[in-house]
Amino acid sequence: MNKVVHFELPSEDRERAKQFYQSVFGWRVEDMPFQDDVYTFAITTPVDDQFMYTEKGGINGGIFRKEGALQNPVVTIEVPSIDQHIKLIEAAGGQLVAPKGEVPAMGYYAYFRDPEGNIMGLWENMKKS
């Protein structure tokens with residue numbers, strides 16, 4: 001069974017979103033440069049130095065710029081192989097909406113649309129060598 005490991009919240013105004021989630025829920029938010037933009041970690045439970053949760057059952061997330069197909073909150077599911085799951089998704093009537101990308105030293109991500117129109121995320125941990 002593949003588990004939910006992350007959530008993402010798209011925003012038009014990152015600072016407004018950060019302030020909201022900090023003040024209402026007490027989340028810690030931290031910006032990290034990513035590609036040509038910034039990705040904001042939304043930390044809802046303790047994390048290690050790689051921003052991975054340290055409490056069983058904990059799920060952290062992120063805030064990113066709303067654009068393209070990514071207009072609504074996204075639930076991210078951890079899988080052992082994004083490439084294999086893309087094939088399964090497409091065979092079951094889903095559609096890839098953003099190809100596999102890399103978060104250096106952490107893992108890989110992709111986004112897909114399920115047959116009901118929901119955009120979901122995939123996450124594959126980088127293999128430790």
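The values are calculated or read from the model by the stated rules, or taken from the named source; none is laboratory data. Because the structure is a prediction, the values reported are computed rather than measured. Quick reminder, even Gly has a Cβ in these numbers, built from the backbone with ideal geometry, and neighbours come from all protein chains shown.
Right, residue 96: touching a residue at least 24 places away in the same chain (Cβ under 8 Å) and either more than 19 Å from residue 52 (Cβ to Cβ) or among the charged types (D, E, K, R) (or both) or not? Against the criterion (touching a residue at least 24 places away in the same chain (Cβ under 8 Å) and either more than 19 Å from residue 52 (Cβ to Cβ) or among the charged types (D, E, K, R) (or both)), residue 96 does not qualify. The condition (being assigned to a loop (DSSP other than H, G, I, E, B) and not hydrophobic (A, V, I, L, M, F, W, C)) is satisfied by just one residue among 62, 57, 101: 57.
Among the numbered conditions (1) at pLDDT below 90; (2) assigned to a strand (DSSP E or B); (3) more than 14 Å from the chain's Cα centre (by Cα), the only one that residue 38 does not meet is (3).
Per-residue answers, yes or no, for (1) free of Cβ contacts under 8 Å to residues at least 40 places away in the same chain; (2) among the charged types (D, E, K, R); (3) over 17 Å from residue 119 (Cα atoms):
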position	(1), (2), (3)
23	yes, no, yes
28	yes, yes, yes
31	yes, yes, yes
46	yes, no, yes
81	no, no, yes
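Selection of segment 62-71 for residues being surrounded by 12 or more Cβ atoms within 10 Å (Cβ to Cβ) and out of contact with any His (no Cβ under 8 Å at 6 or more places or on another chain) yields 63, 64, 65, 66, 69, 70.
Quick one: in segment 1-53, of everything that is of a type in the set (Lys, Arg) and loosely packed, with under 13 Cβ neighbours inside 10 Å, which residue is nearest to residue 108 (Cα to Cα)?
3
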